[in-house]
Amino acid sequence: MTFLETILEEILQLFKREGIEANSEADIIRKLDIRQSTFHELFADKKDMVMQVTRYDIEQRKRRQDEILAKANNPVEQIMCLLQDGIKSMREINPVYIMDMQQYPDAWQYSINYISENNQQVNAEILNRGVVEGYFRKDINLQLVTKIIFEQFMMMINPAVFPPTKYDLAELFRSIYLYYVRGICTDKGGRQAEEFFSKNHL
């Protein structure tokens with residue numbers, strides 16, 4: 001891990017715990033225990049810092065996703081493992097972070113673009129393979145299902161729909177996605193899903 005990556009990881013963890021706006025630039029520099037000059041060599045301003053952290057976060061998510069998909073035994077397990085990782089990630093993030101991110105339109109749009117494109121590509125591939133192998137129902141509309149999965153995510157993180165002070169994001173994630181996936185499974189896929197739920201206490 002390079003020096004910049006180490007710094008980005010530390011800032012990302014700080015953002016996830018406290019949000020972006022909880023700390024001033026001076027606070028961040030102090031918590032990173034680096035010189036102000038070093039900070040300004042790495043980042044033009046706070047907006048640039050947020051964008052770099054967002055890009056770093058997405059690269060980490062891509063790497064983790066590849067590892068998860070490689071370990072799963074079948075398409076249902078792949079979907080469930082991704083959901084499980086999503087639940088874990090939601091539990092580790094202060095909802096304020098997501099709300100703060102929306103104050104940085106470039107970084108927020110970059111993140112949403114990744115989620116949208118990745119969601120459609122990865123889920124379409126998994127679902128298509130699952131249909132062929134008999135885990136998912138043949139009558140599902142792949143394009144529509146992947147769109148619904150994405151829009152459910154957007155609804156879930158919208159504070160106007162689900163205020164984070166009232167709803168637990170991890171529980172929302174579980175309620176929205178796990179039951180939806182079960183609904184598109186065949187009997188064969190449903191048995192795999194139930195087995196996964198019981199083993200992983202979801």
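The values are calculated or read from the model by the stated rules, or taken from the named source; none is laboratory data. Source: prediction; values computed, not measured. Here the Cβ positions follow ideal geometry from the backbone for every residue, glycine too, while neighbour counts run over all protein chains shown. Ligands, DNA and RNA are excluded from the accessible area calculation, which covers all protein heavy atoms including side chains. Shrake-Rupley method; radii C 1.70, N 1.55, O 1.52, S 1.80 Å.
Probe of 1.4 angstrom, ligands and nucleic acids ignored: what's the accessible area per residue over the chain, in square angstrom?
That works out to 55 Å² per residue.
Most mobile of V132, V53, V145 per a Gaussian network model of the chain (Cα springs, under 10 Å)?
Sorting by GNM fluctuation, first place goes to V132.
Helix by helix through the chain, keep the DSSP H runs that span 18 Å or more along the axis on Cα and average at least 1.0 on Kyte-Doolittle, and give those back in order.
142-156
With r as the distance between the Cβ atoms of R63 and A22 and R0 = 22 Å, compute the FRET efficiency 1/(1 + (r/R0)^6) and round to 0.05.
0.20
Please say if segment 113-194 is rounded, prolate or oblate, where rounded means a/c under 1.5 for a ≥ b ≥ c the square roots of the C-alpha gyration tensor eigenvalues, and otherwise the choice is prolate for a/b larger than b/c and oblate otherwise?
Since a/c reaches 1.5 but b/c is at least a/b, the shape of segment 113-194 is classed as oblate.
Please compute the contact order of the chain in relative form: average sequence separation of alpha-carbon pairs under 8 Å and at least six residues apart, divided by the residue count, as a percent.
So the answer I get is 25 percent.
How about K47: which lysines have a C-alpha closer than 18 Å to its C-alpha, ignoring those fewer than 8 places off in the same chain?
Counting by Cα, and skipping residues close in sequence, K47 has these lysines nearby: K16.
For segment 51-114, what relative contact order do you get, as a whole percent, if you take Cα pairs closer than 8 Å and at least 6 residues apart?
Relative contact order for segment 51-114 comes out at 44 percent.
If you take the square roots of the eigenvalues of the alpha-carbon gyration tensor of segment 76-163 and sort them as a ≥ b ≥ c, do you get rounded (a/c under 1.5), prolate (a/b over b/c) or oblate?
prolate
So how far apart, in nm, are the two label points at M1 and R30 if each is 7 Å from Cα heading toward Cβ?
2.4
Using a 7 Å offset from the Cα along the Cα-to-Cβ direction at both E133 and E10, what is the distance between the two label points in nm, to one decimal?
The two pseudo-label positions are separated by 4.3 nm.
Given a Förster radius of 30 Å and the C-beta distance between K71 and M155 as r, what FRET efficiency does 1/(1 + (r/R0)^6) yield to the nearest 0.05?
The value I calculate is 0.55.
Please enumerate, by chain and number, the lysines with C-alpha under 16 Å from the C-alpha of K71, excluding those fewer than 8 residues away in the same chain.
Within the straight-line limit of under 16 Å, K71 reaches these lysines: K62, K199.
Quick one: order M49, M155, M1 from most to least accessible surface, probe 1.4 Å.
M1, M155, M49
Express the Stokes-Einstein translational diffusion coefficient of segment 1-152 in µm² s⁻¹, to the nearest whole number, given a Kirkwood radius over alpha-carbon pairs, 25 °C and a viscosity of 0.890 mPa s.
Estimated diffusion coefficient is 142 µm²/s.
Scan around F136 for amide H atoms under 5 Å from its own, H built in the peptide plane at 1.01 Å from N, and keep only partners 5 or more places away or cross-chain.
V131, T186
Which peptide among 90-97, 67-74 comes first, and what is the full order, when sorted by highest mean count of other Cβ atoms within 10 Å?
90-97, 67-74
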